[in-house]
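S.K.: Below are the structure tokens for one structure; questions will follow.
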Amino acid sequence: MGSKELATLVHVSYIQSLGKATDDLAYHLTAHLRLNAIYWGLMALCVMKHKDALDRGEMIEFVMSCWDDEAGGFGAHPDHDAHIVPTLSAIQILHILDAPDQVDVPRIVSYVISLQNSSGSFSGDQFGETDTRFTYCAVSILSLLGKLDTLDEQKTIGYLRKCRNFDGGFGNTEGAESHAAQVFVCVATLAILDRLDEVDQDMLGWWLAERQLPNGGLNGRPEKLEDVCYSFWVLSSLSILKRVHWIDANSLISFILSAQESMASDLEGGGIADRPGDTADVFHTVFGAAGLSLLGYPDLDDLDPVYCMPSRLIESLGLKKDWVALGRRTL
Amino acid sequence: MQRLLVESLDTHQEYVPYGERPEWQDLTPIQQDEGSLAPLAPIMYGDEYKDSTNYFRAIVQKGEYSERVLEITEHIIRQNPSHYSVWQYRYDTLLAIKADLIAELELMDEIATTFLKTYQVWHHRRLLITHLRAPRPELMFIANALQADKKNYHTWAYRQWILAEFNEDELWDGELPFVEQMLSDDLRNNSAWHHRFFVVWESGVRAGEEDRETLVKREIAFTKTKIARAPNNASAWNYLRGVLERTSSPFSVLEAFVTPYAQPPSPEDESEWVSDDEASSTKSPTAKSSDLAETADDAVLDLENPIPSARAELPCPQAIEFLADIREQSAQNNGTTARSDIDEAIKLYASLATKYDTMRERYWEFRQREASKLIPAIA
């Protein structure tokens, strides 16, 4: 591709355009991800230092319209039932927009706690699916709300321990295969709870470093294809384990940059795709940008790898953990 | 991430809006609340999806649980299988009206196959099986589903759940042959290697496998033959390590096996191995490209320690690391040769850092430093 730089301004207008295509069917078929998508877009803008490119008031109003008053959590869209993933997105968005007081903290806390099962796992909603992702959402929400004291830590950690595999990684449920995204949610949860002693850090660090392929990109499991989103899952885990330098930064930066839509052709699409030549989406845009930030790419804002939120914000909340990203380069 | 199955909208011959169907006349459709993002332009998106979700909202508002809920939720799921609120309402309805769950499962056989990557289909299935308590046909269903997508994370996790949740000997009995079939289809399938570890080591001791030493030997022998076929297969090496670590077996038991995989091809070696390769190429004349080139279909001379084919890409970084680990363990256990063992380990790590796995140079430098820390301990 030969692309050497991040096309920040193109990506900013790409994110701005996403909210405008509301007469597309695709827009409606992704309603169940709407709040998540707003968080991804906003976070990508924060990393690229264009936080104000989306209208703050509109976003807050939309977030609050997703409140499910019956359940005490947020759905992904005004008509949708509460779910723990969009509930985390809502709280992240409101914190980033400096409007955390909008939410009913006691109700959210009791909603989150109600989703914990006797095994220590968390369900995503009352439908009951369990996944270590939901454990991360629960712990991150409680931490951001300053209510970690309401969590049964023993039970929570006990379940994560059961999801740990022989290769040092973690799966989404007990018995399931190690997967880089599940490694992130488990490692970040343990980091929030100050329990990284539960992890064999050298072994897991190696498993994560092994995810890098000859073209510089990262995969999520052995013998799978590279994908830009693993730039976040793998790098954030390695940052938390203070081993991000085990990755070859230059080749990964080139890989992420080559997956920029604007670079794939002369189209002014913008955004980052899963891999070079594919269509961009907001999910890969934020995780590509987040990966670049952790690799010290010039002129990006620092990202907190534990919470996937602006580093300064997490620091101001007094929640910063002891992670290490690569130093910011200068152009 | 989310696959949009827009094409499913076109499967209906002629779409009759709910408002024109007599049995839906009693409901007033509810438009989607767009929150603050309400578009100024008139909504143009798929009428069918809009229509069905408008009527679904009316059903939910009414709190109705009935047969027609199954109809409309199936209609929406076929258009958008990730709509979790619709799945939830469907499940509540099934229970509320005491629907035939076996019929539901049959419907799901088809829907799961169509929307394999959507995790809701697997969770819905889990709920149904939890009620029906009939796990045995599931293993065959999953095996078929895996044929369409051999590494599907949710499908494998569902299989592990079935086995662990019901934990019946009859269920476990077929698992090893199943894994072997999956691995003979694709010996780089990490999901299958993981499943093997789950079945053999993480789910209790089964009849006939009480002798763990024999089991270790069986697993090592199995993995060796797979590594011989594709030496640069991280999944197989990870499995081998996992077995040794789980059973606290010394890495040194594998020294004879690992050594040829850790050696760079020298001109001498090549001529030595070419004879072996010739045997294989006559058997497998179509072998080509780097992946197939690693496949040694040839007769194995040392049955216990199958060697790589001449066309294998050597050395394998995993084999070099393995040898270095053997040296480190030996240094810790054996005072007299300890120093030379450590020096040898450091040399092996250095070869990885500078030549054979330069992408992970910093990791191998770390391993060199860790190895040199052993020196004072043995001095």
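Coordinate-derived values only; no laboratory data. Owing to the predicted nature of the structure, the values given are computational and were not obtained by experimental measurement. Glycine gets a Cβ as well: all are built from the backbone with ideal geometry, and neighbour counts include every protein chain shown.
S.K.: Please arrange A:T285, B:T247, A:T130, B:T214 by how many other C-beta atoms lie within 10 Å of their C-beta, fewest to most.
M.R.: By the 10 Å Cβ count, ascending, the order reads B:T214, B:T247, A:T130, A:T285.
S.K.: Calculated from DSSP H runs of 4 or more alone, at -39500 (n - 2.57) each and per residue, what is the 222 nm mean residue ellipticity of chain A, nearest 500?
M.R.: One gets -13500 deg cm²/dmol as the mean residue ellipticity at 222 nm.
S.K.: What aspartates and glutamates could a cross-link reach from B:K98, if we take a straight Cα to Cα line under 15 Å and drop same-chain neighbours fewer than 8 places away?
M.R.: Within reach: B:E64, B:E67.
S.K.: Also, quick follow-up: Give the residue from A:S178, A:L294, A:V244 lying farthest towards the positive end of the charge dipole for chain A; charges sit on Cβ (+1 for Lys and Arg, -1 for Asp and Glu) and the dipole is referred to the Cα centre.
M.R.: A:V244
S.K.: Can you list residues from other chains, or at least 5 along the same chain, whose modelled amide H is less than 5 Å from the amide H of A:G73?
M.R.: Answer set, sorted by chain and number: A:D68.
S.K.: Here's something else I'd like to know. Can you compute the FRET efficiency between B:S184 and B:L303 using 1/(1 + (r/R0)^6), with r the Cβ-Cβ distance and R0 = 25 Å? Round to the nearest 0.05.
M.R.: Details: r = 19 Å, r/R0 = 0.75.
So the FRET efficiency works out to roughly 0.85.
S.K.: How much FRET efficiency would the formula 1/(1 + (r/R0)^6) give for A:Q16 and A:T279, where r is the Cβ-Cβ distance and R0 is 25 Å, rounded to 0.05?
M.R.: E(calc), rounded to 0.05, equals 0.90.
S.K.: Please sort by residue number the trypsin sites (Lys or Arg not before Pro) in segment B:68-143 whose DSSP state is loop and whose Cβ has at most 15 other Cβ atoms within 10 Å.
M.R.: B:K98, B:R133
S.K.: Then there's this: Per residue of B:208-220, how many C-beta atoms from partner chains lie within 10 Å of its own C-beta, taken as a mean?
M.R.: Across the residues of B:208-220, the mean count of other-chain Cβ atoms within 10 Å is 0.
S.K.: Let me ask something additional. Of A:K147/A:K320; B:K117/B:K150; B:K150/B:K224; B:K117/B:K151; A:K224/B:K217; A:K224/B:K150, which ones are farther than 19 Å apart at the Cα?
M.R.: Long pairs (Cα-Cα over 19 Å): B:K150/B:K224; A:K224/B:K217.
S.K.: Just subtract the alpha-carbon distance of B:D100 and B:D343 from 0.36 nm times their residue separation and send over the number in nm, one decimal.
M.R.: That pair, B:D100 and B:D343, stretches by 80.5 nm at full extension.
S.K.: With each pseudo-label sitting 7 Å past Cα toward Cβ, what's the B:D169-A:R107 distance in nm, one decimal?
M.R.: About 5.5 nm separates the two model spin labels.
S.K.: OK, next. Classify chain A as rounded, prolate or oblate from the Cα gyration tensor: take a ≥ b ≥ c as the square roots of its eigenvalues, call it rounded if a/c is under 1.5, otherwise prolate when a/b beats b/c and oblate if not.
M.R.: Oblate, because a/c is 1.5 or more while a/b does not exceed b/c.
S.K.: Which FRET efficiency, nearest 0.05, do A:D152 and B:I375 yield, Cβ-Cβ r, R0 41 Å?
M.R.: 0.35
S.K.: Oh, and also: For segment B:75-117, just say rounded, prolate or oblate: build the C-alpha gyration tensor, square-root its eigenvalues into a ≥ b ≥ c, call rounded for a/c under 1.5, and beyond that prolate if a/b exceeds b/c, oblate if not.
M.R.: Since a/c reaches 1.5 but b/c is at least a/b, the shape of segment B:75-117 is classed as oblate.
S.K.: Here's a follow-up. Extending each Cα 7 Å along its Cβ direction at B:T247 and B:T113, get the distance between those two points in nm, one decimal.
M.R.: Between B:T247 and B:T113, the simple spin-label model gives 4.0 nm.
S.K.: May I pose another question? Under a Cβ-Cβ cut-off of 9 Å, what is the net charge of the residues other than B:R362 that fall near it, where Lys and Arg count +1 and Asp and Glu count -1?
M.R.: Spelling it out: positives minus negatives among the neighbours equals -1.
S.K.: Just tell me which aspartates and glutamates come within less than 17 Å, Cα to Cα, of A:K49; anything on the same chain fewer than 8 places away is out.
M.R.: A:E5, A:D98, A:D299, A:D301, A:D302, A:D304
S.K.: Take every residue in peptide A:177-190, count the Cβ atoms of other chains within 10 Å of its Cβ, and give the average of those counts.
M.R.: Per residue, the average neighbour count from other chains is 2.
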